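Enquirer: Attaching a single structure in structure tokens format; questions to follow.
Laboratory data are not the source of any read-out in this text; all were calculated from the coordinates shown. Being a predicted model, the structure only gives us computed values, none of them experimental. Neighbour counts run over all protein chains shown; Cβ positions are idealised from the backbone, glycine included.
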Amino acid sequence: MTNSHPADAAIQRLLEGNQRYRSGQAAHPHANAERRSEIAHGQQPFAIILGCVDSRVPPEMVFDCGLGDLFVIRSAGQALDAAVLGSLEFGVAELHIPLLVVLGHEKCGAVIATIEALEQHAQAEGSIQALVEAIRPAVEQAHTQGGPLLESAVQANILLDIAALKKSPVLAEAMHKDELKIVGAHYSLASGRVEILA
Ligand SMILES: [Zn+2]
């Protein structure tokens, strides 16, 4: 066990925090003034979370973590753009965080909006169209897979995010050096449960 990857311990820590959260036993760690001053001179978060902006899925609460624990990037439907990708790369290259979790969730509004825009052959308003374009491949893939369209698209969106991240030279190099693991995860709104995807 001494050779286990730091990402494995990080996943374990996230899942234990999620277990506390969903069972009503949240410890709300690292939320006091002592922790604040402890990390004032530097941060060493143990996981990067790429999540959705949805107000029902705040990573620090979902994983029962506190100040300095998580390096969080959120965009609607975890859509990737240069700023999101650059933020993720910063977490890996500069802060050497060993785990990157792509956290999708049940009934994601950004995925729903993309499905609707594609069905209606409509342009979304303003820059929302950029989100539609980013999430479109997941919806198209879900159409070919069958099953409930929304949940298939949510899953596909997580997996396509991961595939895209692996094309980043910065992230790929860290993975090649065994300094980074990228995993997908799915959050269920009602139960509060996070499941790690294979
Ligand atoms: Zn969402």
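Enquirer: Do the sum for the chain: with -39,500 (n - 2.57) for every DSSP H run of n ≥ 4, divided by all residues, what is the mean residue ellipticity at 222 nm, to the nearest 500 deg cm²/dmol? Please report the intermediate quantities before stating the final value.
Expert: Numbers: 8 runs with 93 residues, N = 198.
Mean residue ellipticity, 222 nm, calculated: -14500 deg cm²/dmol.
Enquirer: How far is helix 128-145 tilted, in degrees, relative to the longest principal axis of the Cα atoms in the chain, given as a value from 0 to 90 rounded to the nearest 10?
Expert: Orientation of helix 128-145: about 80 degrees from the principal axis.
Enquirer: Return a whole-number percent for the relative contact order of the chain, with Cα pairs under 8 Å and 6 or more residues apart as the contact set.
Expert: Working: 323 pairs, mean separation 45.0, N = 198.
So the answer I get is 23 percent.
Enquirer: Something else about it: At a 10 Å Cβ-Cβ cut-off, how would you order K166, K181, K107, fewest neighbours first? Mind dumping the intermediate values first?
Expert: Working: K166 11, K181 17, K107 14.
In order of increasing Cβ crowding within 10 Å: K166, K107, K181.
Enquirer: Highest mean first, how do 110-119, 146-155 rank when packing is the count of other Cβ atoms within 10 Å averaged over residues?
Expert: The peptides rank, most packed first, as 110-119, 146-155.
Enquirer: Where the centre of each part is set by its Cα atoms, how far does the range 12-53 sit from the range 73-87, in angstrom?
Expert: Cα centroid of the range 12-53 versus Cα centroid of the range 73-87: 21 Å apart.
Enquirer: I want the antiparallel fraction of DSSP beta bridges within the range 59-198, as a percent rounded to 5.
Expert: Details: 3 of 10 bridges.
Taking every DSSP beta bridge with both residues in the range 59-198, the antiparallel ones total about 30 percent.
Enquirer: With charges set only on the Cβ (+1 for Lys and Arg, -1 for Asp and Glu), what does the dipole of the range 6-196 come to about its Cα centre, in debye to the nearest 20?
Expert: On the way: 14 positive and 23 negative charges, 61 e Å.
Value, rounded to 20: 300 debye.
Enquirer: Could I ask something else about it? With a ≥ b ≥ c the root eigenvalues of the C-alpha gyration tensor of the range 126-198, is it rounded (a/c under 1.5), prolate (a/b larger than b/c) or oblate? Show your work: numbers first, answer last.
Expert: On the way: a/c = 1.96, a/b = 1.33, b/c = 1.48.
Oblate shape, in that a/c is at least 1.5 and b/c is the bigger or equal ratio.
Enquirer: Also: Going by the alpha-carbon gyration tensor, a ≥ b ≥ c the square roots of its eigenvalues, is the range 1-79 rounded (a/c under 1.5) or, if a/c is not under 1.5, prolate (a/b greater than b/c) versus oblate?
Expert: Cα axes put the range 1-79 in the rounded bin.
Enquirer: With +1 assigned to the C-beta of every Lys and Arg and -1 to the C-beta of every Asp and Glu, and no other charges, what is the dipole magnitude of the range 51-97 about the Cα centre in debye, to the nearest 20?
Expert: 140
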